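What follows is one structure encoded as structure tokens, with my remarks underneath.
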Amino acid sequence: MSIRVILADDHAVVRDGIKAIVDRKGKDVVIVGEASNGKEVLKIANNNPADVYVIDIAMPILNGIETTNRLIKMDSRSKVIILSMHDDRSLVEKAFKYGAKGYILKESATEEVIHAIHEVYMDRYYLTPKISKFIVKGFLNTKSYGTPDKDRSNLTKREREILQLIAEGFSNKEIAKQLNISLNTAHIHRNNIMRKLDIHRQADLVRYALKEGISYL
């Protein structure tokens, strides 16, 4: 019986590379769906859920950690491997707190992805060896493990999506087009975000988004 995988990365070359490895080495692994952003992942998962999801952390519209959080809420049995260029401890911690089962670095994905998929499918955890030292430091055994950080800002899901786009440099006009909303609605959301956060400069909004894990530039 094959392990069904949904693969998500906004760069087609990354997806193609992982698919090539799966075709060559993953005899019991099959890619059943591909996505270039978090919203596409959720749509595919809603219609055709997979056994394992391999998700890029820095996707547009909805980033990998927020997507993981929503997948777990849709189905607590969802098994997610985060694919990332970053070995920053805070990102690794946040990924696992939001429900990920695995975290692999893109630089070593071709060597590790098949093994990671098997481990996560068996309901075990997998981390790239380069960052496994974090386990020794005990962050997986803290009381907060498995519980998402409280959102102190009380931003809505839509506001978090817009804040991510703001942090990625999108204008109100571009945000409106991306999310299929009116320009005025995008402007209102931006103002509401600034009011809730008490932040009124673009640069400060970007810093906040990075700090809170809403954007991973």
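Can you compute the modelled spin-label distance between residue 132 and residue 14, with each label point 7 Å from Cα toward Cβ, in nm?
2.3 nm
For the chain, what is the relative contact order in percent, using Cα pairs closer than 8 Å and at least 6 residues apart in sequence?
Working: 322 pairs, mean separation 36.1, N = 217.
Answer for the chain is 17 percent.
Taking the convex hull of the alpha carbon atoms in the chain, what volume per residue do you get, in Å³?
120 Å³
Using only the Cα atoms, work out Rg/Rh for the range 20-137, with Rh taken as the Kirkwood radius, to two decimals. If you can, show how the numbers build up before the last one.
On the way: Rg = 13.2 Å, Rh = 14.2 Å.
Taking Rg over the Kirkwood Rh, I get 0.93.
I need 78, 36, 171 ordered by Cβ neighbour count within 10 Å, fewest first.
Sorted ascending by nearby Cβ count, the order is 171, 36, 78.
Please compute the length gained on full extension between residue 108 and residue 207, using 0.36 nm multiplied by the number of residues separating them and subtracting their Cα-Cα distance.
Full extension from residue 108 to residue 207 adds 32.8 nm.
Can you put 59, 1 in order of Cβ neighbours within 10 angstrom, beginning with the fewest?
Final ranking by Cβ density, sparse to dense: 1, 59.
Binned at 5 Å from 0, what are the whole-percent values of the Cα-Cα distance distribution for the range 157-211, short to long?
4, 22, 37, 25, 11, 1
In nm, to one decimal, how far is the residue 48 label point from the residue 195 one, both placed 7 Å along Cα→Cβ?
Distance between the two pseudo-spin positions: 4.4 nm.
By how many nm would the segment from residue 73 to residue 174 lengthen if fully extended, with 0.36 nm per residue of separation less the alpha-carbon distance?
Taking 0.36 nm per residue and subtracting the Cα distance, the gain is 33.4 nm.
Rule-based calculations on the coordinates, nothing more; no lab input. Fair warning: this is a prediction, and the values are worked out from it, not measured in the lab. Note that each Cβ is placed from the backbone with ideal geometry, even for glycine, and that neighbours are counted across all protein chains shown.
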